[in-house]
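Everything on this sheet refers to the single structure shown next.
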Amino acid sequence: MVKKLNSFLNQNFGVDLNIYEDSFLIKTIIKRASSLDLLLVSDYLEYIKNNQNEVEELINSLHVNFSEFFRNQLTFSILETIVIPKLFETKNKKELRVWSTACASGQEAYSIAISIQEFIKDNVTKQKFRIFASDVSDNDIAQARQGIYTENEIDKVTLRRIKLYFTKQGQKFSIVPLLKENIDFSKFDLISNSNFCPPASIYGNFDIIFCCNILFYYTIESKKIIIDKLTKCLDNNGYIIVGETERELLKGFGFEEIIEHSCIFKKK
C-alpha cells in the first residue's frame, strides 16, 4: 500500500517517497493517518487522493525540523577550541565559509555565528566569515530569517551570550543584527541534482559543513547522493560535522573523526 501511495504522489505531485528510510516513512504515514482517525494505510491513500491539502501535511511531516542552539555541546566545544582557531590560523582566503545544510528555524546557523564571532572578538582578527544556511522548507527559512525565539528555545544558551546576542521582545528573544549580517538563508534541497551547493555560495569550497541529524532518515542511495554532494563542496582541508547517530556512517565513506565522539570529520 505504501508503494501505491508513493506512485500516486510521484505521478500527481512529483513527490518521491522512496528517498526515505522505510521505518521512518511508515511511522510518519501511520502518524498522519492516526491524526485523521484513519485505521488503515489503505484508508489514508483514499483520503489523500480526495484531499490534496493532506499532501502538503505529509511532506511537512517528513521534513524533520527539530533544532536547538548548541545542540551537541562537545561538538561545539571542540569547534570553538580547535577547529575555528586552526582554520583562522591557516586560512589564506578572504573569508571563512560555512554551510549549515538543514538549518530548520536557524538555531544551528546562529550558534555557529556566535562561536565564530566570539573568536574574532577575542583574537582581534580582521578575518571575515559567511554562513550559508539552507533548508528545504520555505516556512523554516522564513522563521530563521526572523531569528525570534522563546525562552525555552534558548535554554542551552548561556546568560552571557543571551545578553550579547539577543534582544528581549516581550516574552521572546530576537537575534541581534550583528549575527544576521554574516548569514545567508536560502531554500535548498539536498537530494536534488540541480545544484551541489546553495546558489548564493556560487562555488561552495566550504571550510565547515554541518549536516547533523539528517542522514539517518534517508535510504542508503539517498545518503550517498548527499555525502557525495557535501564532499564536492568541501574545501580540501575542510571539516564535515554530523549528528551522534551518524558517526559510523561517515566513517564508511572515507572520513575520519578528528577526536573520538566529537562528530567532526575530515577526509582521509
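Taken together, the values in this text are just the output of simple stated rules run on the coordinates, not laboratory data. From a predicted model like this one, the values you see are computed outputs, not experimental measurements. Note: ideal-geometry Cβ built from the backbone for every residue, glycine included; neighbour counts use all protein chains shown.
Summary table
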{"item": "Distance cut-off 25 Å, percentage of C-alpha pairs in the stretch 47-173 lying past it", "result": "35 percent"}
{"item": "Efficiency of FRET between N195 and E244 - r from beta-carbon atoms, R0 35 angstrom, step 0.05", "result": "0.80"}
{"item": "Whole-Å distance, taken between Cα centres, linking the stretch 40-84 and the stretch 165-197", "result": "17 Å"}
{"item": "Kirkwood Rh and Cα Rg combined as Rg/Rh, the stretch 187-268", "result": "0.94"}
{"item": "Highest average packing first - 159-170, 240-251, 14-25, Cβ atoms within 10 Å", "result": "240-251, 14-25, 159-170"}
{"item": "Residues with amide H under 5 Å from that of F129, placed H, sequence gap 5 or more", "result": "L96"}
{"item": "Unpaired by the 4.7 Å Cβ criterion, cysteines found in the chain", "result": "C103, C211, C212, C263"}
{"item": "(1) 18.2, 58; (2) 17.7, 54; (3) 19.7, 63, with the label sought being that of the calculated Rg and Dmax of the Cα atoms in Å", "result": "(3)"}
{"item": "Listed pairs K31/K180; K128/K187; K121/K223; K94/K229; K4/K31; K128/K163 exceeding 27 Å between Cα atoms", "result": "K31/K180; K121/K223"}
{"item": "Cα-based helix-to-principal-axis angle, 53-62 vs the chain, degrees rounded to 10", "result": "50 degrees"}
{"item": "Relative contact order of the stretch 2-62, pairs being alpha-carbon contacts under 8 Å that are 6 or more residues apart, as %", "result": "30 percent"}
{"item": "Highest-fluctuation residue, L79, L39, L190 considered, GNM on the chain with Cα pairs under 10 Å", "result": "L39"}
{"item": "Cα-based equivalent ellipsoid of the stretch 2-62: semi-axis lengths in Å, sorted from largest, via gyration tensor", "result": "15, 14, 10"}
{"item": "Degrees, to the nearest 10: 220-233 long Cα axis against longest axis of the chain", "result": "30 degrees"}
{"item": "Rounded tilt (10° steps) of 22-35 against the dominant C-alpha axis of the chain", "result": "70 degrees"}
